[in-house]
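Quick notes on the structure that follows.
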Amino acid sequence: MSEYLYKRVLLKLSGEALMGEGRYGIDPEVTERLARQVKQLHDDGVQVGIVVGGGNIFRGLAGSANGMDRAQADYMGMLATVMNALALQDAFERLDAPCRVMSAIQMNEVCEPYIRRRAINHLQKGDIVIFAAGSGNPYFTTDTAAALRACEIGAECLLKATKVDGVYDKDPVSNPDAVRFDRITYHEVLVRGLQVMDSTAAALCQDNRMPIIVLNIEGEDNIKNALKGEPVGTVVVQED
């Protein structure tokens, strides 16, 4: 445990990360691979909370753009995150890793309601905790939910695992000359309008001095190495 810089972390996974090579849905091979990475942290004594998006099943903003009521579309997106959370829980349990799913929207037949003190107690007992249904409120993204849960549970770091290997000065997909940052401040992220997390999530992390590490989820040991302080991805921190 001493080799890790952080004892309790919040991992933010996009729904798209669960698709694998598919165009939608959940790839069981991907959930198993993710579960193995997180289980290794768990076995090493790191307390792990997870917030997962739902974009692989339904994205509220996309529904709103197509004419749906925004709040209604967002609630549908929250339900999609619950499906992803249950799939991840199944992957953890098949590896004999204790896991709880806590939902911001009550659905007692399939998961627990989110209660902050209970969530912290689960983490302290050694359970991996997956926070589903975002924040339970429309108009807020799962990025904001991740920042909120990280602050609420007293996480020491927020890990955002994406398909990109860090934060760039512009879109690296359409700009081959894009430059990746090894380290950047919240202020720079907000002023430059960089797509680390949405502005609400970034501002919440800034106000609570919550470091963010943005990394590529596809690397086998990227999460573990980042938590050891190795130069993986981009670190977003408060100004000195």
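What follows is calculated from the coordinates using simple rules that are stated; it is not laboratory data. Quick caveat, the model's predicted, so the values are computed rather than measured. Cβ coordinates were reconstructed from backbone atoms using ideal geometry, including for glycine residues, and neighbour counts include every protein chain displayed.
Shown is the FRET efficiency for ASP177 and ASP44, computed with R0 = 22 Å from the Cβ-Cβ distance and rounded to the nearest 0.05: 0.05.
Rounded to whole numbers, the Karplus 3J(HN,Hα) couplings from phi for the range 226-238 are 5, 6, 8, x, 6, x, 10, x, 10, 9, 10, 9, 6 Hz, using 6.51 cos²θ - 1.76 cosθ + 1.60 with θ = phi - 60°, and x at Gly and Pro. Loop-located trypsin sites (Lys or Arg not before Pro) in the range 95-188 (DSSP state not H, G, I, E or B) with no more than 12 neighbouring Cβ atoms inside 10 Å: LYS163.
Distance from the Cα centre of the range 1-65 to that of the range 118-188, in angstrom? Using only Cα atoms to place each centre, the spacing works out to 10 Å. Taking the fewest neighbouring Cβ atoms within 10 Å as the starting point, the ordered list for LEU5, LEU34 is LEU5, LEU34. Placing pseudo-labels 7 Å out from each Cα toward the beta carbon at ARG94 and LEU5 gives an inter-label distance of 3.4 nm. For the range 1-101, the square roots a ≥ b ≥ c of the C-alpha gyration tensor eigenvalues yield an a/c of 1.5 or more together with a/b exceeding b/c, which makes the shape prolate.
Pairs to check: LYS170/LYS228; LYS125/LYS224; LYS163/LYS224; LYS160/LYS228; LYS39/LYS160. Give those whose C-alpha atoms are more than 19 Å from each other in this structure.
Violating the 19 Å limit, Cα to Cα: LYS170/LYS228; LYS125/LYS224.
Scanning residues 5 or more positions from VAL164 or on other chains, those with amide H under 5 Å from its amide H are ILE217, with H placed 1.01 Å from N in the peptide plane. Need one word for the range 88-184: rounded, prolate or oblate. Basis is the Cα gyration tensor (sqrt eigenvalues a ≥ b ≥ c); a/c below 1.5 gives rounded, then a/b vs b/c decides. Prolate shape, in that a/c is at least 1.5 and a/b is the bigger ratio. Taking amide H as placed 1.01 Å from N in the peptide plane, CYS99 has its amide H under 5 Å from the amide H of ILE128, each at least 5 places away in sequence or on another chain. Residues whose amide H lies under 5 Å from that of CYS157, counting only those 5 or more places away or on a different chain, are LEU10; hydrogens are built 1.01 Å from N in the peptide plane.
Out of the chymotrypsin sites (Phe, Trp or Tyr not before Pro) in the range 80-149, which ones are loop residues according to DSSP with at most 16 other C-beta atoms within 10 Å? Mind showing how you got there, number by number?
Numbers: sites: PHE92, TYR114, PHE131, TYR139, PHE140; in loops: TYR114, TYR139, PHE140.
When the chymotrypsin sites (Phe, Trp or Tyr not before Pro) of the range 80-149 are filtered for loop state and at most 16 Cβ neighbours within 10 Å, TYR139 remain.
Each of ILE213, ILE130 was scored by other Cβ atoms within 10 Å of its Cβ. Arranged with the fewest first, they read ILE213, ILE130. Within the chain, the longest run free of GluC sites (Glu not before Pro) that sit in a DSSP loop with at most 12 other Cβ atoms within 10 Å is 110-219.
With the Cα gyration tensor of the chain giving a ≥ b ≥ c as the square roots of its eigenvalues, does the rule (a/c under 1.5 for rounded; else a/b larger than b/c for prolate; else oblate) give rounded, prolate or oblate? Judged from the Cα gyration tensor, the chain comes out rounded (a/c under 1.5).
Shown in residue order for the range 36-48 are the 3J(HN,Hα) couplings computed by the Karplus curve 6.51 cos²θ - 1.76 cosθ + 1.60 at θ = phi - 60°: 5, 5, 5, 4, 4, 5, 4, 5, 8, x, 7, 7, 10 Hz (x for Gly and Pro). The peptide list 78-84, 39-45, 198-204, 173-179, put in order of mean Cβ contacts within 10 Å with the highest first, becomes 78-84, 198-204, 39-45, 173-179. Each label point was placed 7 Å from the Cα along the Cα-to-Cβ direction; for TYR139 and GLN72 their separation is 1.8 nm. Residue-wise HN-Hα couplings along the range 216-223, as the Karplus relation 6.51 cos²θ - 1.76 cosθ + 1.60 with θ = phi - 60° gives them from phi, are 8, 6, 7, x, 4, 10, 4, 5 Hz; Gly and Pro carry x.
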